[in-house]
Every structure is written in C-alpha cells, then in structure tokens.
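Written below as structure tokens is the structure these notes are about.
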Amino acid sequence: MRKVAIIGVGHVGSTTAYTLILKNIVDELVLFDSNEAILEAELNDLMDGQMEQEQQVRLIEGNLTELADTDVLIFCAGEISMLERNSDRFAELNRTKTIVEEWAPKIKASGFNGILLSITNPCDVITQYLQELTGLPRQRVLGTGTSLDTGRMKHAVSTYLNIHPSTIEGYVIGEHGESQFVAWSSVKINQQPITECLTPDELEKLNDAARRGGWITFTGKGYTSFGIATQTARIVEVLLGDQTLVVPISYYQESDNCYAGFPAKISRDGFIEPFPLMLSDSEQLKWQQTIQRIHAMYATIAHD
C-alpha cells in the first residue's frame, strides 16, 4: 500500500492531495491540520472529488499513530498571509519555524521512518530545521527546492521562443527564493546550448521572469498551488515507486553545510547522489552568494 500523509491542508496541501488522488499515486492519504473545520471540509470535498474514479483512495483524518507506517510525509504547514506585506520568503521564517518546532517532536515520537518532503517556506532553511529536530537521516529529509522554479524557467523560455517545454533541459538552482538563479550553462533546447541561441541580455530577462513567476501568481490570487502541487506529486511518485528521477530538490550540501536546491538523483530510498553540473565562474559566484543567504537565514534560528 502506498501511504502518504500531508501536514497542512491549506491551498498547497489540499491541491497536492487532490493531485495525488487524480494521478493515482497513493492508496491511502492521511491529512493533518490544526484547523479542524478546514480538515473536515477538505476530507469531505476530496471524497466527493473521487467519486467517479475507479481507483478509490482511502482518506484518513490525522492521527499520529498513522505515521508509523507512512511511506512519505509531506510537510506544507505554513501561513501564506505573512507575505501579504512583504515580498520575501524570509518574512515567513519567524512563523514557520515555530510550526516546525510544534510538529517535529510529534513526528519523531510517532515512529515515522519514511521520507519527509518539505514544501514550507523558506524551503531550504525549514527543510534543514525539520531534519535536525526530527533526527531523521539527511538522505530521507528533502525539500521541493527549486523544482518549481525550474518549471517556471521552462515556462518563461517556452513562451519566449514559442516551443514546447519538453524540449527544454536545465535547472534553476540555489535558494528557493530571491537569490535563486538559472544555471544557463546547463540549459539546452533540443540538445543545443541555449547560450548559442540567445544573448546574455535575453537570458538575464528570462532569469528575472522565472524569479518573478511566483509573485505574478501570488499577487493575483493570494497564493500559489497548482505548480507546486504538480512538482510535489512528480517527486512523491518516484519516492513511492521503483524508478529514479533527476530533479532539483533541496538536499544537504556536504561542502556547504546546508540544504539548497541542486539537481539530484532520487528514488524510493530518498536522495541517492548529486547530478553533476559544470557551472561557469559567474555561476559559481552566484552559488556562493545563495549559500551565504541560506546560512544567514538559518543563523536567525540558531541564535534564538
């Protein structure tokens, strides 16, 4: 049985749950939320939403004992309203770190021994905090990282060049936040390096477009949900199955002593190994800058 639990069924958690059901990725789905009325409503709505499906997912109201045999635990508890007055994911940290401090001991006490996948922002810092407070092995605690940002980059490039996104290879790396950047030296279109197709000015504009993608959605509807739910479902499907995938997740960077988004091979065992990228000198500098930002954010937790 493929069993997944989701902590936090707001816009992201509920959309992720629905995506997992529609794609027939799970057999059992356990939902947790501190707001009991929302939890009951989402459970009821999700049940209604799968009535015409041949494959029925067993929906379970959150009970910590259910985590003992859960394969993948998705952590997406948060408070998106924190960003209404500040366009920086750093603004969420003071609130989301307390949510981690509330849930991590419960996860640890439950006997959960599966793979923990975190969406909560700021993604890299929160993923590291979860790993440290739960004590789970680093290779089994991952963040969605820059997987969504990579999707946004492909969106920007495909729109600009009027091509299908499937023809685009490459990654956004670093912090899931303002210091992220496209590793253009790795981006190819039908196996042709994009640097041979576009000028540096064009690439910089597309880099900005990828970074702004989330804010365009957030400004208009007050939250983002479909993009991250799709990326999360894609990752979870691999974590539950017998295949491997190279995806830019947030995982522990040994040389940098923190979690950050970088392409890696994953499987049902979690993180397997990094996927090599040959970064240019300017990209190496950007990498160091994004790592410094992640360390600066994490230091605000460590010094509390």
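The values are calculated or read from the model by the stated rules, or taken from the named source; none is laboratory data. Bear in mind the structure is a predicted one, so any value in this text is a computation, not a measurement. Reconstructed Cβ throughout: ideal geometry from the backbone, glycine too, with neighbour counts over all protein chains shown. All accessible areas refer to the heavy atoms of the entire protein, side chains included, with ligands and DNA or RNA removed. Shrake-Rupley method; radii C 1.70, N 1.55, O 1.52, S 1.80 Å.
Worth pointing out:
- Dipole of the chain [Lys/Arg +1, Asp/Glu -1 at C-beta], most positive-end residue of TYR251, ILE291, SER280: SER280
- Axis angle, to the nearest 10 degrees, between helix 93-110 and the longest C-alpha principal axis of the chain: 50 degrees.
- Between the Cα long axis of helix 147-161 and the first principal axis of the chain there is an angle of about 50°, rounded to the nearest 10.
- Based on protein heavy atoms only, the stretch 109-264 ends up with 39 Å² per residue of surface accessible to a 1.4 Å probe.
- Cα gyration tensor shape of the stretch 1-72, rounded if a/c is under 1.5, else prolate or oblate by comparing a/b with b/c: oblate
- With the helix formula -39500 (n - 2.57) applied to DSSP H stretches of n ≥ 4, the chain reaches a computed 222 nm mean residue ellipticity of -14000 deg cm²/dmol.
- About its Cα centre, the dipole of the stretch 1-61 is roughly 340 debye, where the only charges are +1 on Lys and Arg Cβ and -1 on Asp and Glu Cβ.
- In this Cβ point-charge picture (+1 for Lys and Arg, -1 for Asp and Glu), the chain has a dipole of about 420 debye about its Cα centre.
- Gyration tensor (Cα) of the stretch 209-273, equivalent ellipsoid semi-axes in angstrom: 26, 17, 8
- Solvent-accessible surface ranking, highest first, for HIS176, HIS164, HIS11 at 1.4 angstrom: HIS164, HIS11, HIS176
- For the stretch 167-286: relative contact order, % (alpha-carbon pairs under 8 angstrom, 6 or more apart): 24
- Normalised contact order of the stretch 144-183, rounded percent, pairs of Cα under 8 Å and 6 or more residues apart: 43
- For the stretch 219-304, GluC sites (Glu not before Pro) meeting the loop criterion (DSSP other than H, G, I, E, B) and having at most 11 other Cβ atoms within 10 Å: GLU254.
- Crossing angle, helix 281-302 versus the chain [Cα axis fit, 0-90 degrees, rounded to tens]: 30
- Using 0.36 nm per residue and subtracting the Cα-Cα separation, the extra length available between ALA68 and GLU254 on full extension is 64.1 nm.
- Furthest towards positive pole of dipole, GLY13, LEU142, THR98, structure part the chain, Cβ charges: LEU142
- The candidates GLU79, GLU52, arranged from most to least accessible area with a 1.4 Å probe in the full protein assembly, appear as GLU52, GLU79.
- Dipole magnitude of the stretch 81-240, debye to nearest 20 (Cβ charges: Lys/Arg +1, Asp/Glu -1, about Cα centre): 480
- Accessible surface of the stretch 60-218, 1.4 Å probe: 47 percent of it comes from carbon and sulfur atoms.
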